[in-house]
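The values are calculated or read from the model by the stated rules, or taken from the named source; none is laboratory data. Predicted model, so just to flag it, every value in this text is computed and none were measured. Here the Cβ positions follow ideal geometry from the backbone for every residue, glycine too, while neighbour counts run over all protein chains shown.
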Amino acid sequence: MLAAALAAICCRAQEQPATVAGASAPEASAVQASTPAQPEFGVQVHSFRTFVKRLYSVRALTSTLPAAVVEQVHNWPDEWGKDRHGFEKRIASLYGQFVIGVGLEETVKAIHYEDTRYRRLGHGNFFRRTAHVITDTVTARRQDGSRTPAWSLAANAYGSWGIATLWSPPEYRTAASIAEWGSSGMGTFAVSNLAREYWPDIKGILHRKKAN
């Protein structure tokens, strides 16, 4: 079953570019002004409190209820039926999958520090920005600024579905099923980051149309 988009989210503070040696103050200011501003992020602390807060967040609701409604309408999996008990099973399954995914993600982040919060590029052509979205989804930043595969998000997407197969119908308890739906989970992270990249642009266009 498809776990709804989770999001993901971590990153360390960016330093402001240093003044070029020998450049006058106005020239240095011009160089800085030409550089697109990037949001600053503090180092995220991963703790049991963070884990518990995520379990009762708005995202916990949006990651379970809409998907459960869609599955109920399509009667998926059909072994659970379309009655009230079937809907309850779908809600419980999706929320259980969400809890397991968040637990796996936070555990990996606590052991192998990963900063997966999306950092918007905000400039460049469509292909460059989309490549940035993909890169920021499948990789994470370390404390020293280097890049590492986003193991925590992979653990969330693939691990949560792998465990969810234990209570799913037998035909979904296969490696192919875990690969398929785990990849779908990674796709939802990418879609979420795509929205973060382009929504400010769309919102600006809508505001300009209203003003006219």
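Go through region 173-185 and give me each residue that's crowded, with 17+ Cβ neighbours inside 10 Å and in contact (Cβ under 8 Å) with a residue 24 or more places away in the chain.
Scanning region 173-185 gives TRP181, GLY182, GLY185.
Restricting attention to helices (runs of 4 or more DSSP H) lying wholly within region 98-169, give those where 2 or more residues are without any contact (Cβ under 8 Å) to a residue 40 or more places away in the chain, of a type outside the set (Ser, Thr, Tyr) and exposed (fewer than 13 other Cβ atoms within 10 Å of the Cβ).
Working: elements: 126-138, 151-154, 160-164.
Result: 126-138.
Quick check, is ARG129 under 19 Å from the mean Cα position of the chain (by Cα), at pLDDT 95 or above, over 21 Å from TRP76 (Cα atoms) and among the charged types (D, E, K, R)? Break it down stepwise before answering.
Values: under 19 Å from the mean Cα position of the chain (by Cα): yes; at pLDDT 95 or above: yes; over 21 Å from TRP76 (Cα atoms): yes; among the charged types (D, E, K, R): yes.
Answer is yes for this residue.
Out of the residues in region 68-84 that are surrounded by 18 or more Cβ atoms within 10 Å (Cβ to Cβ) and among the hydrophobic types (A, V, I, L, M, F, W, C), which is farthest from GLY159 (Cα to Cα)?
If we filter region 68-84 for residues that are surrounded by 18 or more Cβ atoms within 10 Å (Cβ to Cβ), which is where we start, we get 68, 71-72, 80.
Within this subset, residues satisfying the condition of being among the hydrophobic types (A, V, I, L, M, F, W, C) are 68, 80.
Details: ALA68: 20, TRP80: 23 Å.
Ranking the qualifying residues of region 68-84, first place goes to TRP80.
Starting from residues that are touching a residue at least 24 places away in the same chain (Cβ under 8 Å) and touching a Phe, Trp or Tyr at 6+ places or on another chain (Cβ under 7 Å), keep the ones in region 85-96 and report whichever is surrounded by the fewest Cβ atoms within 10 Å (Cβ to Cβ).
Let us first name the residues in region 85-96 that are touching a residue at least 24 places away in the same chain (Cβ under 8 Å), namely 90-91, 93-96.
Still in the list and also touching a Phe, Trp or Tyr at 6+ places or on another chain (Cβ under 7 Å): 90, 93.
Values: ARG90: 23, SER93: 21.
My answer is SER93.
Residues in region 23-30: is at least one modelled with pLDDT of 50 or more, loosely packed, with under 12 Cβ neighbours inside 10 Å and not in a helix (DSSP H, G or I)?
Going through region 23-30, the residues modelled with pLDDT of 50 or more turn out to be none.
For region 23-30, residues modelled with pLDDT of 50 or more, loosely packed, with under 12 Cβ neighbours inside 10 Å and not in a helix (DSSP H, G or I): absent.
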